[in-house]
Amino acid sequence: MLLRILSAEFLKIRRKWLWVLVVAGPLGVVALQGVNFGLRYDYLVRGKQPGEVWDALIGDVSMLAMPALLMGLAIVASMSAGIEHQMNAWKLTLALPVSKRQVFAGKFVLTALLLLVSSALLVPLSAAFGLTLGLGGGSIPWSDLLTDAFYPYLASMPFIALQAWLSVTMANQAVPLTVGIIGMIVSLFAGARFPDWVPYKWPQLAVSANDPLYAVAAGVAFGIVVFAVGLTEFVRKDVK
Amino acid sequence: MASDTILETKDLTKRLGGKKVVDGVNLAIGRGDIYGFLGPNGAGKTTTIRMLLGLAKPTDGSIRVFGKDIRKERIAILRKVGSLVEYPSYYGHLTAVENLEAIRRLLGVPKARIDEVLSIVRLTKDANRAVKGFSLGMKQRLGIATALLGDPELLVLDEPTNGLDPAGIQEIRELIKSLPGKSGVTILISSHLLSEVEQMATRVGIISKGKLIYEDSIQRLRDQAKGRIRLSVSEPEAAWRTLLSHGHSVGWENGVLTASQTDNRTVAGIVAQLVKADYEVYRVEEESASLESIFLEMTGTEGSL
Ligand SMILES: Nc1ncnc2c1ncn2[C@@H]1O[C@H](COP(=O)(O)OP(=O)(O)OP(=O)(O)O)[C@@H](O)[C@H]1O
Ligand SMILES: [Mg+2]
C-alpha cells in the first residue's frame, strides 16, 4: 500500500518545482565552492598534494551543504504537503480506502527520498569538481565523499520528520517554514555553544566528531521518535 | 438492521466548539435509494457527511455502512464508497487524466476506468488540460468522475451543484439521475434547496440546527404539499361573509378568497354560491404549496433565505 501511495505522490509532484530544487540545491553548493576555489586557486590548490586539496574541497562543500540541507528539507516538506493544502485535497485522499498512517508516512518518505537524492548528488558533483581542478581520477577519496554526503543527511532525520509533520498538520505554511529557517540558523551557530546532545548540532557532528556514528545513530533514532509523534497526532485529528 | 439498509446512523452527534453541530441524528438509507439530505446553510450536512466518510470522528453515536462499523472497518467500507465533499478537491497543476491517475493508483482499479468515468461526466475532450483552467462546472464534474472511479456501491455527494449556474445545475442533475440506471448505485446527495433534489430523490431527510426533523419518502412530502384554491371576486370581503354564512370554510387575505379544501364538489359549491349571490368571479386558480414552502416551514427559516 505504501508503494501505491508513493507512486501517487511521485505523480503529484510532476510539473512542480520540487525536482528542480532537488537538483539545484547540491548543484548550487558545489558551484559556489567552484567560485571559491576559482578565486583562491593559488592559495587553495597550487602546489598542494591532491589529498590536501580533496580534504579542503570536501570540507568546504559539506560546510555549505549543511545549511542548504536544513533549509532544503523545510522547503521540500512544505512543498510536498502544500500540494494537498492548496485545494484541500486531504479530504479527497483520506475519504479513499487508504490508512491515515500510510498517507502520513507517504509524505514523510517522499520528503526523505527527495532529500536523499539531493544528498547523493553531492557525491558525483564534488568528484567532478575535483577532476576539473586537475586532481587525478585515481585520487578521489570515495569513502570521505560518501560519508560527508550521507552522514549529515541521516543525522538530520529528526528535522525531516519535524518539518514533514508541521507542514502536513498546518494549512498555513508560514509556520513550518519559519521553524525551518530558525532551525537552520540555530544549527549554523550550534558549533561551540551547544552541548553534543542538542539535535541541531548532530548534522555537524556527523562529519566532524571523532566518532560520527553516534550523531548518525542518534539522528535516526530521534527521527523515528518525532515521526511517531507526528503520525499519532495526524491519525487522531479530524480531517479539515 | 433491515437487510437492504446500507447506511444507518444511531444518535450520531458531533460537538464542535462546544456546540452540538450534529445532534442525535438517525439516518437510514436503503439500497438503491437516491436520498436527498436537506437542510439550510449551517444545518450540519457537511459535518454529518464527514463523519459518514470517516473524515471526522463522532462525539457520540454510531455509523454502520454495508452493515460494518465505520470505526472498525473504515477501509473496507470506503472501498465501496465514492464521495465529493463540499467543493471539489483537485490538483490544479495536473491534467484531468493525471488527477484521476493519482487516485487510481491508491484505489488499484484498472486504468481503463479513467476513460470510462471521463466519458460518463463528458470530460473526454478536456482530459489532457490542466485542471486549474477548468470552469467550476467542469471541476465539479471531475469531482464526480473521481467519486465514480472505484465503481462505488454508495455515492456520497455534498452539494454537488453549489455555485453552478442554472445550466450547470441542470447538467449535474441529469448526470446524477442517469447514474442509478447505469450502475445501480445508492446515492446520498445533500443540498440546501429542496427543488434541487425534488426531481431525483426517492427519499428525503431534513436536518435543521443539527437535528434530523423529517425522514420519509419524497411522496409523503409531496402529499403534505396539498394545494389550495384562490378566488378573485368583486367585493371580496362581502363575498367572504356570504360564503361563511352558508357554511363554506374559506379564508380571506389580501383581497383574495382562499379555500384549502380543493375537491371538485367543494369548489363547485363555492362558485355556485358566489354566482347565486351576484358576485362577479374573475379567477379561480389552484395554488400548489411548493415543497419549498413546506421545507421552510419545517426548518423554521422562513423569510431568512
Ligand atoms: N471547526 C468548527 N468549529 C466550530 N463550529 C464549526 C466548525 N465547523 C463547522 N462548524 C459549525 O457547524 C455548523 C454546521 O456546519 P456544516 O458545514 O456541517 O453545515 P452545512 O449543513 O454543511 O451547511 P452548508 O449548507 O453551508 O454547507 C455550522 O454552524 C458551523 O458554523
Ligand atoms: Mg456543507
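Can you spot a residue in segment B:148-171 that is more than 16 Å from ligand 1 (Cβ to nearest atom), of a type in the set (A, V, I, L, M, F, W, C), surrounded by fewer than 18 Cβ atoms within 10 Å (Cβ to Cβ) and on the phi < 0 side of the Ramachandran plot?
yes
Regarding segment B:267-278, can at least one residue be identified that is in a loop (DSSP other than H, G, I, E, B) and surrounded by fewer than 16 Cβ atoms within 10 Å (Cβ to Cβ)?
Yes: one or more hits.
Report whether or not residue A:35 is over 16 Å from residue A:121 (Cα atoms), without any contact (Cβ under 8 Å) to a residue 12 or more places away in the chain and out of contact with any Phe, Trp or Tyr (no Cβ under 8 Å at 6 or more places or on another chain).
yes
Quick one: how many residues across segment B:124-139 are open to solvent by 50 Å² or more (accessible area, probe 1.4 Å), over 16 Å from residue A:87 (Cα atoms) and not in a helix (DSSP H, G or I)?
The qualifying residues number 2.
If I ask for residues that are assigned to a loop (DSSP other than H, G, I, E, B), within 16 Å of ligand 2 (Cβ to nearest atom) and not acidic (Asp, Glu), which ones from segment B:81-123 would you list?
Across segment B:81-123, the qualifying residues are B:85, B:87, B:88, B:89.
Can you name the condition, by its number, that residue B:123 falls short on among (1) facing chain A (nearest Cβ under 9 Å); (2) touching a helix residue (DSSP H, G or I) at 6+ places or on another chain (Cβ under 7 Å)?
It fails just one condition, (1).
It is to be established whether one or more residues within segment B:4-17 are within 12 Å of chain A (Cβ to nearest Cβ) and within 16 Å of ligand 2 (Cβ to nearest atom).
Looking for residues that are within 12 Å of chain A (Cβ to nearest Cβ) and within 16 Å of ligand 2 (Cβ to nearest atom), one finds at least one in segment B:4-17, hence yes.
When both residues are 6+ apart or on different chains and their Cβ atoms are under 9 Å apart, which pairs have a first residue that lies in segment A:75-88 and is within 11 Å of chain B (Cβ to nearest Cβ), and a second that is aromatic (Phe, Trp, Tyr) and outside any helix (DSSP H, G or I)?
A:83/B:91; A:84/B:91; A:86/B:91; A:87/B:87; A:87/B:90; A:87/B:91; A:88/B:87
Name every residue in segment B:57-83 that is within 11 Å of another protein chain (Cβ to nearest Cβ) and open to solvent by 10 Å² or more (accessible area, probe 1.4 Å), in order of residue number.
Scanning segment B:57-83 gives B:57, B:58, B:59, B:73, B:74, B:75, B:76, B:79, B:80, B:81, B:83.
Is it true that some residue in segment A:163-173 is over 24 Å from residue A:103 (Cα atoms) and of a type in the set (Val, Ile, Thr)?
The answer is no, given that none of the residues of segment A:163-173 is over 24 Å from residue A:103 (Cα atoms) and of a type in the set (Val, Ile, Thr).
How about segment B:155-206: which of its residues are within 13 Å of ligand 2 (Cβ to nearest atom), under 22 Å from residue B:222 (Cα atoms) and at pLDDT below 90?
Correct list: B:192, B:193.
Enumerate the helices (runs of 4 or more DSSP H) found wholly within segment A:51-162, keeping only those where 1 or more residues are open to solvent by 30 Å² or more (accessible area, probe 1.4 Å).
Hits in segment A:51-162: A:100-132, A:142-155.
Please find, among B:33, B:23, the residue that is within 16 Å of ligand 1 (Cβ to nearest atom), in contact with a Lys or Arg (Cβ under 8 Å, 6 or more places away or on another chain), assigned by the TED database to the domain that holds residue B:144 and open to solvent by 10 Å² or more (accessible area, probe 1.4 Å).
Exactly one of B:33, B:23 is within 16 Å of ligand 1 (Cβ to nearest atom), in contact with a Lys or Arg (Cβ under 8 Å, 6 or more places away or on another chain), assigned by the TED database to the domain that holds residue B:144 and open to solvent by 10 Å² or more (accessible area, probe 1.4 Å), namely B:23.
The values are calculated or read from the model by the stated rules, or taken from the named source; none is laboratory data. Note that the coordinates shown come from a computational prediction; the quantities given were computed from them, not determined experimentally. Cβ sites come from the backbone with ideal geometry, for glycine too, and all protein chains shown count toward neighbours. SASA here: full protein model, heavy atoms, side chains in, ligands and nucleic acids out. Shrake-Rupley method; radii C 1.70, N 1.55, O 1.52, S 1.80 Å.
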